[in-house]
Amino acid sequence: MNISRTLLIKTFVKPFYRQHAGLFIFLFTIMFGVVSVIDGAKFTDYHFFLIQGMMRNSFFFLLVLLLWFLYAKKSEQFVVNILFRPDHSFLNILSLLGSKKTLPEALMGSVSPDIAHHPLCMHHIYCRLLYA
């Protein structure tokens, strides 16, 4: 891993997850911890019914899309707040270090899709493996 990527992870990713740990623990508990066997339904059935409900009910689907949008905006606002903090002005210098990518391209290429949406990606991978 190159130094720029390490620096971006330490600057954006670790503080993001540290600040939002409570939210992720709550979501993890709701999605995995509270599920019990009710009327013979298994853990996998719970997720399958959630997916089916989201695909069949347009209101539920729009609610999920709205929540994803709000999470993306929250992530974006976190990054913007970090960029404008005076103690992180070194990030402007990072974009001049010889890489042909600008800082927003570096952020979008290495931090945002890969790491900031990691919980969503892990749940998607889990569901794909489970129901493939």
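The values are calculated or read from the model by the stated rules, or taken from the named source; none is laboratory data. The structure displayed is predicted, hence computed values, not measured ones. We place every Cβ from the backbone using ideal geometry, glycine too, and count neighbours over all the protein chains shown.
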Problem set entry | Residues that are modelled with pLDDT of 85 or more and either over 20 Å from Arg18 (Cβ atoms) or of a type in the set (Gly, Ala, Ser) (or both), drawn from segment 71-93 | Ala72, Ser75
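Residue by residue, here is whether (1) touching a residue at least 60 places away in the same chain (Cβ under 8 Å); (2) outside any strand (DSSP E or B); (3) not acidic (Asp, Glu) holds:
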site: Leu7; (1), (2), (3): yes, yes, yes
site: Phe16; (1), (2), (3): yes, yes, yes
site: Gly22; (1), (2), (3): no, yes, yes
site: Met55; (1), (2), (3): no, yes, yes
site: Phe61; (1), (2), (3): no, yes, yes
site: Val64; (1), (2), (3): no, yes, yes
site: Trp68; (1), (2), (3): no, yes, yes
site: Glu76; (1), (2), (3): no, yes, no
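Does Leu50 qualify as being more than 21 Å from Asp87 (Cα to Cα) and either at pLDDT 85 or above or surrounded by fewer than 14 Cβ atoms within 10 Å (Cβ to Cβ) (or both)?
Numbers: more than 21 Å from Asp87 (Cα to Cα): yes; either at pLDDT 85 or above or surrounded by fewer than 14 Cβ atoms within 10 Å (Cβ to Cβ) (or both): no.
Answer is no for this residue.
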Seminar exercise, completed: For segment 1-30, the count of residues that are among the small types (Gly, Ala, Ser) and under 21 Å from Gln77 (Cβ atoms) equals 2
